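Step one of this worksheet: look at the structure below.
Bear in mind these aren't lab numbers, they're just calculated from the coordinates by the rules spelled out. These numbers come from a predicted model, not from an experiment. Cβ placement follows ideal geometry from the backbone for every residue including glycine, while neighbour counts extend to all protein chains displayed.
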Amino acid sequence: MAGVAGTTAGLTVAAAYDWSDDASGLFVIGAIMVMIGTLAVTSAVSLLATVVKRKGK
């Protein structure tokens, strides 16, 4: 769980920092989309890895 949270937080902060000079303010929406996507994908990969590992035992 810490790996999922750390990856999500790190990518979200990096994207928000990099895009923060956008004058329109839409970088916030982009950063939220990065957060949601990263959370979904890292959670799915983590779950898949756990299932595969348990079936191997």
*Go over the candidates GLY25, GLY30 one by one and state the one that is outside any loop (DSSP other than H, G, I, E, B) and either out of contact with any His (no Cβ under 9 Å at 6 or more places or on another chain) or exposed (fewer than 10 other Cβ atoms within 10 Å of the Cβ) (or both).*
GLY30
*So LEU47 clears everything in (1) part of a helix (DSSP H, G or I); (2) exposed (fewer than 11 other Cβ atoms within 10 Å of the Cβ) except one condition, right? Which one?*
(2)
